[in-house]
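A.B. asks: Sharing a structure here in structure tokens format.
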Amino acid sequence: MAVGPGSVAQRAARIIAVAPVGRAAPAVVRHLHSVLEDTFGREVIDAPGLPLALRAYRPARGQWLATDLLDALAPTRAARCERILGVAEVDLFVPDLNFVFGVADAALGAALFSLARLVAPRDPQRTLRRAATEAVHELGHTYGLGHCKDPRCAMWFSNTLAETDRKGARLCARDAAALRRATALNDAD
Ligand SMILES: [Zn+2]
Ligand SMILES: [Zn+2]
């Protein structure tokens, strides 16, 4: 394929980097690649892992402030990558919520979720499905998708694992169309 000077920059922007944060299981991180490629129409690459930012830890709660981890992750996004997704394995929270599965910031082009509450000890396939679901959800936010009223859409806001299992990693038709519009706009930049 012939590639002109303009299209090099364009093509370089169509990359989602996935980075383990702390000790996230590499097998789970790898599993995300194909799901994210299919959903977002982007090339997905491994980014170097980074350690947990200790300033995010709150000993009184035994939890990690998700936005602090996201702020540490975001600057590690290479310029050639459109988005970076961090995969952690510690329990996350934000103020006013007991816990969160993940967090996203569209302006930073970064999202993060944790496996801490997703692991199904006797059902590794279920763990992978949950991880894919949360990865799509948080990255979906970075492409401008909000929460969805369809309980079978990945953009449904899960309060419980049962809801995560019910919704799965697929976007409803409306959100899939919104994502196509958002990514097409990025492609035209
Ligand atoms: Zn959400
Ligand atoms: Zn939806």
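A short reminder: the numbers here are calculations on the coordinates, not readings from a lab. Since the model is a prediction, treat every value here as computed from it, not as a measurement. Every residue, glycine among them, receives a Cβ derived from its backbone with ideal geometry; neighbour counts consider all protein chains shown.
A.B. asks: Which whole-Hz couplings ³J(HN,Hα) result when phi for each residue of the range 44-57 is put into the Karplus expression 6.51 cos²θ - 1.76 cosθ + 1.60, θ = phi - 60°, listed in order with x for Gly and Pro?
C.D. replies: 10, 10, 7, 9, x, x, 10, x, 4, 6, 4, 5, 7, 7
A.B. asks: Can you tell me how the range 1-155 classifies by the Cα gyration tensor, rounded, prolate or oblate, using a/c under 1.5 as the rounded cut?
C.D. replies: The shape class here is prolate.
A.B. asks: Amide H neighbours of residue 44 under 5 Å, counting only residues 5+ apart in sequence or on other chains, H built in-plane at 1.01 Å?
C.D. replies: Those qualifying (amide H under 5 Å, at least 5 residues apart or on another chain) are 16.
A.B. asks: Continuing with the same structure: I'd like the Karplus ³J(HN,Hα) series for the range 98-109: coefficients 6.51, -1.76, 1.60, θ = phi - 60°, whole numbers in Hz, and an x wherever there's a Gly or Pro.
C.D. replies: 4, 7, 9, 6, x, 8, 8, 9, 4, 5, 7, x
A.B. asks: Given the peptides 159-169, 59-69, 130-140, arrange them by the average over their residues of other C-beta atoms within 10 Å, most packed first.
C.D. replies: Result, highest mean first: 130-140, 59-69, 159-169.
A.B. asks: Which whole-Hz ³J(HN,Hα) couplings does the range 134-142 yield from phi under the Karplus relation 6.51 cos²θ - 1.76 cosθ + 1.60, θ = phi - 60°, glycine and proline marked x?
C.D. replies: So the Karplus estimates, Gly and Pro as x, are 5, 4, 5, 4, 5, 5, x, 4, 5 Hz.
A.B. asks: In the chain, which Cys residues have no partner Cys with a Cβ closer than 4.7 Å?
C.D. replies: 81
A.B. asks: In addition: If we count other beta carbons within 10 Å of each Cβ, what is the order of 143, 57, fewest first? Please report the intermediate quantities before stating the final value.
C.D. replies: Numbers: 143 23, 57 15.
The fewest-first ordering by Cβ neighbours comes to 57, 143.
A.B. asks: Residue farthest toward the positive end of the dipole of the chain, with Cβ of Lys/Arg at +1 and Asp/Glu at -1: which of 95, 143, 35?
C.D. replies: 35
A.B. asks: Near the amide H of residue 25, under 5 Å away, which other amide H atoms are found, from residues 5 or more places off or on another chain, if H is placed in the peptide plane?
C.D. replies: So residue 25 has HN proximity to no qualifying residue.
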